[in-house]
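Q: The structure under discussion is supplied below as C-alpha cells; questions concerning it will follow.
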Amino acid sequence: MGYQFELIGFPIKHSISPWIHEQFFTRSKLQGTYIKNEIELNDSFSGKIIEMKAKQIDGFNITVPYKQRIISYLDEVDIIAEKMGAVNTVVNQNGTWKGYNTDGKGYLRSLESKFSAFGHDKSIHILILGAGGAARGIYCALTEEGYMHIDIANRTMTSAEDIAKLANDKTSTQILSLEEAEQLINHYDLIIQTTSVGMKPNIDQSIISLASLNKPIIVSDIVYQPLKTNFLQQAENAGAQIHYGHSMLLYQAQLAFEIWTGQRVSTENLDHELQLILEGR
Ligand code: ATR
C-alpha cells in the first residue's frame with residue numbers, strides 16, 4: 001500500500017507540499033501518498049487527531065496555525081523542536097508519535113545548496129530581520145551549527161530578546177531596532193529577512209532599506225510570493241548575492257521525507273521547477 005503522509009493546517013488549499021512529496025516518491029521509487037487534511041478553525045482539533053491516530057498514517061506535516069498545538073498530542077519531541085516550541089513534522093514509530101521541526105535546518109540546507117562556501121566559516125556576521133516563528137527556527141538552526149555572531153532586529157524588540165535566550169555559550173547576539181539594523185547593514189555577511197513584509201499584495205514594501213549596502217554579501221528573504229521581493233531587488237541592485245524563499249520549502253520537505261523514510265532524495269532541478277510553478281501563480 002505504500003507510505004501514507006498528510007499535511008494538516010489552515011488554510012492549505014494552495015500548499016505546494018503535495019507536489020514536492022510527489023516528486024520525492026517518484027525520485028526515491030518509494031510508493032506512497034501525501035494528502036492535504038485541512039482542519040478548519042472551528043473543527044474539533046482533538047477529534048481530527050484521534051481520526052489520524054486511528055488511520056495509523058506513517059507521518060504528517062503541520063503548518064500554520066497548529067505547529068504549537070500539536071505538541072500536547074505527541075509521545076516524544078525532538079530537542080530542537082522543543083527549543084523552538086513548534087513542530088512541523090511528525091513520524092509514527094510503531095504507534096508512537098515523535099515530533100520534529102525541519103524549518104531551520106531546511107533553511108540552512110537551502111543556503112548550503114546555493115552557496116557552496118556557506119557553512120565553512122562559523123565566524124561570519126549574520127543579521128536576522130524579524131522575530132516570529134520562522135526567525136526562531138532559523139536562529140536555533142544557526143546556533144546548533146555553531147555560528148558565533150547572530151544579531152536579531154525586530155519592530156518589537158522584546159520578541160527578539162526572547163529568541164536570543166536560546167543562544168548557547170558560543171553565540172553572541174545583539175538585539176537591534178529596525179532603524180539600527182538599517183544603519184549597520186554593511187557590518188554583515190548574511191542578512192535573512194523572515195517577516196511577512198513584502199509579501200503579495202504588498203509587494204512594494206521592504207522591512208528596511210538596503211540603499212546604503214556596499215558589500216557583495218548574501219541577502220536572503222523567506223517570502224516567496226513574489227519570488228523576487230522588493231527587499232531582494234534592492235539587494236541585487238546593490239550587487240549582493242540573493243537567495244529566494246521558495247528553496248526553504250524544498251529542503252524542509254526533503255528533511256521531513258528523510259525522517260519518515262530514511263531516504264535523502266536528490267533535489268536536483270526541483271528548485272527551478274518549483275520556481276516556475278510559483279511564478280505561474
Ligand atoms: P512567522 O511565524 O511566519 O515568522 P509571525 O510569528 O507572525 O510569523 O512573525 C511575524 C514577524 O513579522 C514578526 O517579527 C513581526 O514583527 P513584530 O514582532 O513586531 O510583530 C514582523 N512583522 C509583520 N508585519 C510587520 C510590519 N508591518 N513591520 C515590521 N515588522 C512586521
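Q: Using a 7 Å offset from the Cα along the Cα-to-Cβ direction at both LYS200 and ASP75, what is the distance between the two label points in nm, to one decimal?
A: It works out to 4.2 nm between the two label points.
Q: Restricting attention to the alpha-carbon atoms of the range 46-203, what are Rg (one decimal) and Dmax (integer), both in Å?
A: Spelled out, the Cα radius of gyration and Dmax of the range 46-203 are 17.3, 55 Å.
Q: I'd like the distance separating the alpha-carbon centroids of the range 172-226 and the range 120-135, in whole Å.
A: 11
Q: Principal axis lengths of the range 193-249 from Cα atoms, whole Å, largest first?
A: Sorted from largest, the Cα extents of the range 193-249 read 28, 22, 15 Å.
Q: Using a probe radius of 1.4 Å on heavy atoms only, what accessible surface per residue do you get for the range 1-118? Whole Å² is fine.
A: Details: 5910 Å² over 118 residues.
About 50 Å² of surface per residue is accessible.
Q: What number, in percent, do you get for the relative contact order of the range 1-80 if the mean sequence gap of Cα pairs under 8 Å and at least 6 apart is divided by its residue count? Don't skip to the end; give the middle numbers.
A: Details: 90 pairs, mean separation 35.1, N = 80.
RCO, the range 1-80: 44 percent.
Q: Still on this structure: For the range 105-244, what number of Lys pairs, 8 or more residues apart or on separate chains, have alpha-carbon atoms under 22 Å from each other?
A: Close lysine pairs found across the range 105-244: 12.
Q: With a bin width of 10 angstrom, please list the P(r) values of the chain as percents of all Cα-Cα pairs, from the 0 bin to the one holding the largest distance.
A: Final binned percentages: 6, 29, 35, 22, 7, 1.
Q: With the dipole of the chain worked out from charges on the C-beta (+1 for Lys and Arg, -1 for Asp and Glu) around the Cα centre, which of SER247, GLY146, GLY198 lies farthest toward the positive end?
A: The Cα lying farthest towards the positive end belongs to SER247.
Q: Take ARG264 and ASN94, extend 7 Å from each Cα along the Cα→Cβ direction, and tell me the distance between the two endpoints in nm.
A: Output for this residue pair reads 2.7 nm.
Q: Calculated FRET efficiency, LEU184 and GLN225, Cβ-Cβ r, R0 25 Å, to nearest 0.05? Spell out each step's value before the answer.
A: On the way: r = 28 Å, r/R0 = 1.14.
For LEU184 and GLN225, the calculated efficiency is 0.30.
Q: Let me ask something additional. Carbon-plus-sulfur fraction of the accessible area of the range 105-244, 1.4 Å probe, in percent?
A: Details: 2980 of 6160 Å².
Roughly 48 percent, rounded to a whole number.
Q: 222 nm [θ] for the chain, helices only, -39500 (n - 2.57) per DSSP H run of 4+, per residue, to 500? Provide the component values of the computation, followed by the final result.
A: Details: 10 runs with 101 residues, N = 281.
Taking each H run of at least 4 residues, the total per residue is -10500 deg cm²/dmol.
The values are calculated or read from the model by the stated rules, or taken from the named source; none is laboratory data. Only a predicted model underlies this, so the values are computations on that prediction, with no experimental measurement involved. A quick note on method: Cβ atoms are made from the backbone with ideal geometry, for glycine too, and the neighbour counts reach across all protein chains shown. The area values use the complete protein model at the heavy-atom level, side chains included, leaving out ligands, DNA and RNA. Shrake-Rupley method; radii C 1.70, N 1.55, O 1.52, S 1.80 Å.
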